[in-house]
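The values are calculated or read from the model by the stated rules, or taken from the named source; none is laboratory data. Please read all numbers here as calculations on a predicted model, not as lab measurements. For neighbour counting, all protein chains shown are included, and Cβ atoms are generated from backbone atoms with ideal geometry for every residue, glycine included. All accessible areas refer to the heavy atoms of the entire protein, side chains included, with ligands and DNA or RNA removed. Shrake-Rupley method; radii C 1.70, N 1.55, O 1.52, S 1.80 Å.
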Amino acid sequence: MNKIEIPLSKTKILLGVIGSIAFVILGTIFLITPDTFITPILRNEQTIMIVGVAAVVFFGAVGVYTFKKLFDKTIGLTIDEKGITDNSNASSVGLIVWEEIVQIRTEEIMSNKFLLIFVSDPEKYIGRVSGIKRKLLQSSFKMYGTPISITSNTLKYNFNDLERLLRERLEEQRGRREDSKTNE
């Protein structure tokens, strides 16, 4: 099996940084002048200020992470005979071994597609990390039944092509395992 290395897309990451900055600025404006944002939906200043704080905290953290990712020299995703090595997002787990992958499923939230990678021992992958990353994986596990997800949002690769590539490689690996069992 030939090794495929998919680099991080600095353009996509830079757009993420710019978007985060915009939302932090908007959140800050909500905090400074909440009265100017009163509408039939947001009727009180306190609610607007809470939205402002949430925007500053969440998008501030996303902005810091994506800014660091701009200078990340590691490959975003590597696909080889061992498995999939993921370094594409904040909840990346590193090497996902082919033999442990049970299923690959596509999900979409607000027109944002991502691949869920179901593995035979999810706790093993959660146990590899700590802190906020562990909380992200645990949250994903509760929501989707797997802690592992891969998106092409930060990769120089089209999502549909990535989905097709990973599914083909998984089937290829399963075929090799079946062949080796038959030859025993």
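Worth a mention:
- Residue among E107, E123, E163 that alone is open to solvent by 80 Å² or more (accessible area, probe 1.4 Å) and either of a type outside the set (G, A, S) or under 16 Å from the mean Cα position of the chain (by Cα) (or both): E123
- Scanning region 134-178 for residues that are modelled with pLDDT under 95, among the β-branched types (V, I, T) and assigned to a loop (DSSP other than H, G, I, E, B) turns up T151, T154.
- In region 110-120, the residue that is least open to solvent (accessible area, probe 1.4 Å) out of those that are of a type outside the set (A, V, I, L, M) and in a loop (DSSP other than H, G, I, E, B) is S120.
- Selection over region 35-88 of residues that are in contact with a Leu (Cβ under 9 Å, 6 or more places away or on another chain), without any contact (Cβ under 8 Å) to a residue 24 or more places away in the chain and farther than 18 Å from S9 by Cα gives a count of 4.
- Any hit, region 69-83, residues being in a helix (DSSP H, G or I) and either farther than 17 Å from I6 by Cβ or open to solvent by 20 Å² or more (accessible area, probe 1.4 Å) (or both): yes
- Flag if Y157 is open to solvent by less than 80 Å² (accessible area, probe 1.4 Å), farther than 20 Å from T78 by Cα, touching a residue at least 12 places away in the same chain (Cβ under 8 Å) and touching a strand residue (DSSP E or B) at 6+ places or on another chain (Cβ under 6 Å): no
- In region 22-29, the condition of being closer than 30 Å to I101 by Cα and buried (at least 16 other Cβ atoms within 10 Å of the Cβ) is met by no residue.
- One residue from L170, L162, L136 being in contact (Cβ under 8 Å) with a residue 24 or more places away in the chain and either in contact with a Leu (Cβ under 6 Å, 6 or more places away or on another chain) or under 21 Å from K68 (Cβ atoms) (or both): L136
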